[in-house]
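This report refers to the structure that appears directly beneath it.
The values are calculated or read from the model by the stated rules, or taken from the named source; none is laboratory data. Predicted, not measured: the structure shown is a model, and the values here were computed from it. Backbone-built Cβ (ideal geometry, glycine too); neighbour counts: all protein chains shown.
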Amino acid sequence: MVKKYLRFVIAFTAITLTSLSVMATDEVVKWSQMPNMGPFGYAFSSESAKPSTMADDFKCIGGEPVVAIRWWGSFYQPIPSVIPYPNSAQWYDPTTPSDVPETFLIGFTISFYANVPAGSDPFMPWAHPGDMIYSESIGMDEITQILYGTVTHTTGVEQNVWQYYASLPDTGFEQEEGVTYWISIQALHRNQEVQWGWQEANYLHGWNANAVQNGYSNLFTWDLVPNKDLTFQLITVEGEIPEPGFLSIFLIAVFGLIFKKRRG
């Protein structure tokens with residue numbers, strides 16, 4: 001009888017450990033626009049140093065809140081600084097694969113907006129962000145930053161693309177299923193000489209309206225950036241590692257029952 005219990009415990013432990021390993025890496029991505037890593041994949045100024053803000057739209061699928069965000073971007077240094085908001089293809093990249101540029105930024109501000117559909121605003125006839133409905137500034141100590149890859153542009157300029165991940169505090173961004181929203185991600189600078197740009201998405205992954213930029217001109221609140229989308233993933237369930245005490249307590253209880261049965 002004891003051997004049967006031991007076989008049960010071994011089998012259950014194997015199944016449980018397998019489940020825990022899956023849970024440790026599992027996440028639910030509700031919206032995904034992957035980066036354009038080809039020769040025409042640029043990053044566009046979205047930073048406090050200039051200042052400027054890029055934004056892109058998405059559709060809420062499923063109705064669950066956004067609890068974490070993954071996005072991609074690049075650093076670049078204007079030499080000389082002639083154009084106020086150049087994209088990353090035009091300038092020198094001051095980072096290297098072995099150099100994680102943590103000292104360049106303080107953090108990021110992530111904001112969500114209501115949608116103003118195309119044709120509904122006579123002053124800006126393209127779709128653009130409306131009222132801000134959520135905003136959170138997150139420090140670099142709470143953001144994961146890793147090198148994602150390198151883009152080599154047709155000009156010969158090489159651009160390191162960095163991947164970022166941050167959890168939103170509390171319950172995250174609550175949203176309504178089927179509704180279009182806009183998201184902006186703005187870098188908060190410590191080093192004013194180095195610019196940060198939000199990497200553009202593979203255009204096939206984009207949706208609905210083109211990206212827009214605030215701060216580029218004095219003519220519009222949001223300037224249209226034609227044929228461009230931005231890269232980000234919206235996550236509704238983060239991967240979690242369960243408390244190890246759960247498995248330990250369960251195994252102790254099972255072995256206790258085994259030895260109790262044996263003594264009986």
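So in the range 206-234, with the set limited to residues that are among the β-branched types (Val, Ile, Thr) and in a loop (DSSP other than H, G, I, E, B), which one is nearest to Val29 (Cα to Cα)?
The initial filter retains those residues of the range 206-234 that are among the β-branched types (Val, Ile, Thr), namely 212, 221, 225, 231.
Keeping just the survivors that are in a loop (DSSP other than H, G, I, E, B) gives 221, 225, 231.
On the way: Thr221: 31, Val225: 26, Thr231: 13 Å.
Here the answer is Thr231.
With respect to the conditions (1) at pLDDT below 95; (2) surrounded by 13 or more Cβ atoms within 10 Å (Cβ to Cβ), Phe108 falls short on a single one, namely (1).
Here is a yes/no grid of residues against (1) in contact with a Ser or Thr (Cβ under 6 Å, 6 or more places away or on another chain); (2) modelled with pLDDT under 95; (3) in the same structural domain as Pro39 (by TED's automatic domain parsing); (4) of a type outside the set (S, T, N, Q):
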site: Tyr164; (1), (2), (3), (4): no, no, yes, yes
site: Asn191; (1), (2), (3), (4): no, yes, yes, no
site: Leu234; (1), (2), (3), (4): no, no, yes, yes
site: Phe255; (1), (2), (3), (4): no, yes, no, yes
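Pairing each residue of the range 26-39 that is part of a strand (DSSP E or B) with any residue that is surrounded by 14 or more Cβ atoms within 10 Å (Cβ to Cβ) and among the polar types (S, T, N, Q), provided the two are 6+ apart or on different chains, yields C-beta distances under 6 Å for Val28/Thr236; Val29/Gln233; Lys30/Thr236; Ser32/Gln233; Gln33/Thr231; Pro35/Gln199; Pro35/Thr231. Annotation: Pro129 fulfils all but one of (1) over 24 Å from Asp223 (Cβ atoms); (2) buried (at least 19 other Cβ atoms within 10 Å of the Cβ); the unmet one is (1).
Restricting the range 90-119 to residues that are part of a loop (DSSP other than H, G, I, E, B) and among the charged types (D, E, K, R), the residue that is farthest from Ile185 (Cα to Cα) is Asp99.
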